[in-house]
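My questions will all concern the structure given below.
The values are calculated or read from the model by the stated rules, or taken from the named source; none is laboratory data. Bear in mind that the values here come from a model prediction, so they are computed numbers and not experimental data. A quick note on method: Cβ atoms are made from the backbone with ideal geometry, for glycine too, and the neighbour counts reach across all protein chains shown.
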Amino acid sequence: MYNIKCLNPISPLGMELFSDNYQVIDDAACANAILVRSASMHDMELGENLDAIARAGAGVNNIPLEKCAEKGIVVFNTPGANANGVKEAVLAGLLMSARDFIGGVNWVQSVREDPDVAKLVEKGKKKFAGTEIKDKKIGVIGLGAIGVLVANACNRLGMEVYGYDPFISVQAAWNLSRDIRHINNLDDIYAKCDYITVHVPLLPSTEKMLNAQAFEKMKEGVVILNFARDLLVDEDALSGAIASGKVRKYVTDFPNARTANMENVIAIPHLGASTEESEDNCAMMAVRELRDFIENGNITHS
Ligand code: MLT
C-alpha cells in the first residue's frame, strides 16, 4: 500500500485516479508521496519514506527544492494545467485596470438605498469613466504556457502585443504564436508598453526583476499586472513608482501587508487558477504524474 498525504484539498477528479493500491493518510511523516497546492512546505519535516511531492499548480516556490534534492525526493508540478484559468484572470485584471468597475460597483452599493438611485447613476457614469485597451501596447514577459495564452488573447482584443522570453528564439516564439507581433528586448518593451504583464517563475535570477531601474525605463502611467509571484517586484521601487505616477496601477494576485495598503493597487487574493476547471486539471495531472513515477519510474515535469 502506498501512503499519500494531501496538504491541501485537491479536486475529487484527481483523487479518483488513485487505484486501490493507494491510501490517503493524515500523518505527513508516514507519507510516501505528498500532494500539495499552495501550502508552504518550507518549515515541514520531510519524512524518511517520502519519495515524491506533486504540486497541483505551476509555481514550486512553496517547496524546499534544495532539501528535496539532497534527500532524493522527486518534485513534480503541472505546467499548463491551469494556464487558461490564469489567462482569464489576467484579462479580468487588465480590464479592471482600464475601466473602474470596482469603484463603480462599490459606489452603487453605497447609494443603493437612495430612492433616487436611478438619477444618481448619471453622476457615477462621469465619475468612473475609463479607457479602452484596443490599440494599446502590452508587453508579455515570459512566453510559457500562460504568457502565450495571454499574448494571443490580448491580440484578439485589439492590443499590440510585444513578447519577451530569454529562453526562446524569435523563430520559436513566432511558431508558438503568430499573434505576438514583436519579440524584442526588455528595454524596448519597457519604453513602449502601456501595460506590462509578468509570467516568469520566481528564481534568484527573476527576484525583483521589476526594480527601480526597470521602472525608470517604463512609460509614464504604465500598468503592471502580476499574476506570477509577489517577489518578482521590488516593493520599495514600486511604492516610489506609484507615488510619482510612473505606475498608474499595479494589479496583483499576490497582495501582502504592504502592497494591499498601497494606493492604486488592485489586490486579488490569489484567484488566478481558482476555477473548477483549473483545479480539476491540476489535480488530475498531478495524480497521473505521481502514478506514472511510482508505477513506471517515469519522471515528467520535475
Ligand atoms: C500556480 O503556481 O500554478 C498558481 O499560482 C496558481 C495556484 O497555485 O493556485
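Go through (1) away from the ligand (no atom under 16 Å from the Cβ); (2) closer than 30 Å to Asn296 by Cβ one by one and return the number of the condition Arg99 breaks.
Only one criterion in (1) away from the ligand (no atom under 16 Å from the Cβ); (2) closer than 30 Å to Asn296 by Cβ is unmet by Arg99, namely (2).
Moving on. Restricting to the stretch 122-170, what's the tally of residues that are over 23 Å from the mean Cα position of the chain (by Cα) and not in a loop (DSSP other than H, G, I, E, B)?
Of the residues in the stretch 122-170, 7 are over 23 Å from the mean Cα position of the chain (by Cα) and not in a loop (DSSP other than H, G, I, E, B).
In addition: Quick one: which of Glu70, Glu66 is in the same structural domain as Asp27 (by TED's automatic domain parsing) and within 28 Å of the chain's Cα centre (by Cα)? If you could, list the steps in order and put the result at the bottom.
On the way: Glu70 fails: within 28 Å of the chain's Cα centre (by Cα).
Residue meeting the stated conditions: Glu66.
Tell me which residues, restricted to the stretch 74-89, are touching a strand residue (DSSP E or B) at 6+ places or on another chain (Cβ under 6 Å) and either away from the ligand (no atom under 16 Å from the Cβ) or under 14 Å from Glu279 (Cα atoms) (or both). It would help to see each step written out before you state the result.
Quick first cut of the stretch 74-89, residues touching a strand residue (DSSP E or B) at 6+ places or on another chain (Cβ under 6 Å) only: 74-77.
The answer is Val74, Asn77.
Sticking with this one: Return the residue satisfying two criteria in turn: it lies in the stretch 209-235 and is more than 16 Å from the ligand (Cβ to nearest atom) and part of a strand (DSSP E or B), and of such residues it is surrounded by the fewest Cβ atoms within 10 Å (Cβ to Cβ).
Val222
Per-residue answers, yes or no, for (1) buried (at least 18 other Cβ atoms within 10 Å of the Cβ); (2) farther than 30 Å from Val161 by Cβ:
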site	(1), (2)
Val108	no, yes
Val111	no, yes
Val121	no, yes
Lys125	no, yes
Phe128	no, no
Asp135	no, no
Gly139	yes, no
Gly142	yes, no
Gly147	yes, no
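Matching residues to (1) without any contact (Cβ under 8 Å) to a residue 24 or more places away in the chain; (2) touching a helix residue (DSSP H, G or I) at 6+ places or on another chain (Cβ under 8 Å); (3) hydroxyl-bearing (Ser, Thr, Tyr):
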| residue | (1), (2), (3) |
| --- | --- |
| Ile63 | no, no, no |
| Val121 | yes, yes, no |
| Val148 | no, yes, no |
| Leu157 | no, yes, no |
| Tyr162 | no, yes, yes |
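Specify which of the listed residues (Val60, Val75, Val86) is buried (at least 18 other Cβ atoms within 10 Å of the Cβ), assigned to a helix (DSSP H, G or I) and at pLDDT 95 or above.
Values: Val60 fails: assigned to a helix (DSSP H, G or I); Val75 fails: assigned to a helix (DSSP H, G or I).
After applying the criteria, what remains is Val86.
In the stretch 236-289, which residue that is away from the ligand (no atom under 16 Å from the Cβ) and charged (D, E, K, R) is farthest from Gln23 (Cα to Cα)?
Lys246
With (1) touching a residue at least 24 places away in the same chain (Cβ under 8 Å); (2) out of contact with any helix residue (DSSP H, G or I) (no Cβ under 8 Å at 6 or more places or on another chain); (3) among the β-branched types (Val, Ile, Thr) as the list, and Val105 as the residue in question, which single condition is left unmet?
Tallying (1) touching a residue at least 24 places away in the same chain (Cβ under 8 Å); (2) out of contact with any helix residue (DSSP H, G or I) (no Cβ under 8 Å at 6 or more places or on another chain); (3) among the β-branched types (Val, Ile, Thr), Val105 fails exactly one: (1).
Give Ile102, Ile189, Ile183 a once-over and let me know the one that is surrounded by 12 or more Cβ atoms within 10 Å (Cβ to Cβ), in contact with a strand residue (DSSP E or B) (Cβ under 8 Å, 6 or more places away or on another chain) and over 22 Å from Tyr250 (Cα atoms).
Details: Ile102 fails: over 22 Å from Tyr250 (Cα atoms); Ile189 fails: over 22 Å from Tyr250 (Cα atoms).
Every option except Ile183 fails the conditions.
Being within 15 Å of the ligand (Cβ to nearest atom) and not assigned by TED's automatic domain parsing to the domain that holds Leu157: is that true of Cys30 here? Explain how you work it out, then say what you get.
Values: within 15 Å of the ligand (Cβ to nearest atom): no; not assigned by TED's automatic domain parsing to the domain that holds Leu157: yes.
Answer is no for this residue.
Specify the residue that is nearest to the chain's Cα centre (by Cα); the eligible residues are those in the stretch 37-57 that are within 13 Å of Glu289 (Cβ to Cβ) and within 16 Å of the ligand (Cβ to nearest atom). So that I can check it myself, show each step before the final result.
We begin by selecting, within the stretch 37-57, every residue within 13 Å of Glu289 (Cβ to Cβ); these are 51-57.
Those still in the list that are within 16 Å of the ligand (Cβ to nearest atom) too: 53-57.
Working: Ile53: 21, Ala54: 18, Arg55: 15, Ala56: 14, Gly57: 10 Å.
Per the stated criteria, the residue is Gly57.
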